[in-house]
1. Find the percent of Cα-Cα distances in the stretch 192-239 that exceed 11 Å, and round it to a whole number.
2. Please identify every one of the trypsin sites (Lys or Arg not before Pro) in the stretch 84-178 that sits in a loop by DSSP and has no more than 10 other beta carbons within 10 Å of its own beta carbon.
3. For the stretch 153-167, take each phi angle, set θ = phi - 60°, evaluate the Karplus expression 6.51 cos²θ - 1.76 cosθ + 1.60, and give the result in whole Hz per residue in order, putting x for glycine and proline.
4. Would you give the gap between the C-alpha center of the stretch 153-183 and the C-alpha center of the stretch 260-310, rounded to a whole Å?
5. In sequence order, what are the phi-derived ³J(HN,Hα) couplings for the stretch 236-251 according to the Karplus relation 6.51 cos²θ - 1.76 cosθ + 1.60 with θ = phi - 60°, rounded to whole Hz, with x for glycine and proline?
6. Measure off 7 Å from each Cα along the Cα-to-Cβ vector at Ala81 and Asp117, then give the distance between these two points in nanometres to one decimal.
7. Quick one: grab the alpha carbon gyration tensor of the stretch 181-337, order the square roots of its eigenvalues as a ≥ b ≥ c, and give me rounded if a/c is under 1.5, else prolate or oblate depending on whether a/b is larger than b/c.
8. Taking other Cβ within 10 Å of each residue's Cβ, how do Glu141, Glu334, Glu88 sort, fewest first?
Amino acid sequence: MLQNVAFCWQNGYALTPGIIQVVYCLCGIVIALAGGFSMRDPGMVPRDPIEWRQAGPEDAAIWVSVTRRSADQLHFEPEEAQLARYDEESPERQAERFLLWRGSEPIGRLRFSAYKDTAFLHGLVLLPEAGGRVAAQVVAEALVRAAAGGARYLHATYPAAYLASFASSGFQELRRRTIMIAPTDLAMPLFPLPASLRVREIASHDLDQVGILLQRAYEAGPDNLHADVAGWRWEVRSTLEGAFGPFIPESCFVVEHSLDRFNLVGVILVHLERGMPRIRHMVVAPSFRHVGLGRFLAVKAMRRLRELGYASLLLHVTLDIPAVHLYHQLGFVEAGPTYIEAERHLVK
C-alpha cells in the first residue's frame, strides 16, 4: 500500500481519501500492537492523538522549553543561547522543525526532512509524561509522510527508551551511540611523530582527500554511513561550511606522509554543537593505526581548543568500537543517554 502512495505522489496523481484512510489504518495496526490504540475504539482511533505542527519563528520559546524539560537532553548552553540559535537557523533547517501537540499541550518536538530517496526523522524529544503511545504514533506518522513523499527509506535517530516503538514497525538497528565529554586541560604529553609524518591545519583544498580517507577508515564498520566517496565528500563539505554547527578550523588537522603526497593518513574535524566544541570525525588510515596518531591528533586539538577558550570537548561515539578505550584514556566520560540510529525500507 505504501508503494501505491509513493507511485501516486511521484506521478502526479491525487492521493484519494480512500488511499490515505487505508494507509492510516495499516499504520494504526502497527501502533495498536505497540499499545497506542484502544481495540474497542471504533475506527481504531487513538486515545490521545498527536498532531505534528510546523514550528515557526513564534514557537521558539515552546521548542526550547520542550527541549529543556526532556530527560534525554544535556544542557550545554543557557536558555538564551538556545533561543538565539533557534532564530538563527537557515530556512532549510527551519523547514525541518515540528512540534508535537496533544490537544492544546506541546508534548515533544522533532525534525523531519528528505534527501534524494531517503526521509530522515531525527531530533526526537518527548516529555517524560509522553510515554510509549506517543512514540508509536510518531513512528506511524513518519512512515506515512515518508511514503507520501516517495521515499524508499526512512532513517531515524531516537533515544533507546523508544526502541520498542521503532522495532515493532520494522526498523533495523544500524548502531548505538552515546555522548562523551572531556575537559580540554589534558595533562598528557604530546609525543613526537615519526619524521615522515607531517601535521598541519586543514585547508579547503583537502576536501576531496579527506572524503577518501573517511571512506577508507570507516569501510565495513558501523560508522560507514555513506555508500560511496561522493557521500563522504558531501559530509566533509557540509562540515566545513558549518551545516552541522560553526566550523573551528584552528583545531582541525590533517596528517600527510612524505612518501605519499596524494593521500592523507589522518584527520580530525571539530565544530560547535550547542555552544561546545564537538569532534565530528577523527580517523586514521587503516595501515597507519597503532602508532599513536589518533592520540596525537586528539591531544593537539584539545590543546588548541584550550587556547581558544573552550573548557570542554564532546563527541558522539558508537558503542563497542575500539576507539572508546582511547577516548577514556584522553579523559572522556559518558555523559548522555544511549540513542539508536535505525532504518526502515519502504520499497523493496
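1. Of all Cα-Cα distances in the stretch 192-239, 69 percent exceed 11 Å.
2. Sites meeting the loop and neighbour criteria: Lys116.
3. 3J(HN,Hα) across the stretch 153-167, in whole Hz: 9, 10, 9, 10, 10, 7, x, 4, 4, 9, 4, 4, 5, 7, 4.
4. Measuring centre to centre over Cα atoms gives 26 Å.
5. Result, ordered by residue: 5, 4, 4, 5, 5, 8, x, 5, 9, x, x, 6, 10, x, 5, 10 Hz.
6. If labels sit at Ala81 and Asp117, their model points lie 4.1 nm apart.
7. Verdict is rounded for the stretch 181-337.
8. So the ranking, lowest neighbour count to highest, is Glu88, Glu334, Glu141.
A short reminder: the numbers here are calculations on the coordinates, not readings from a lab. On a predicted model such as this, the values are computed, not experimentally measured, just so you know. Heads up, the Cβs are rebuilt from the backbone with ideal geometry, glycines too, and the neighbour counts pull from every protein chain shown.
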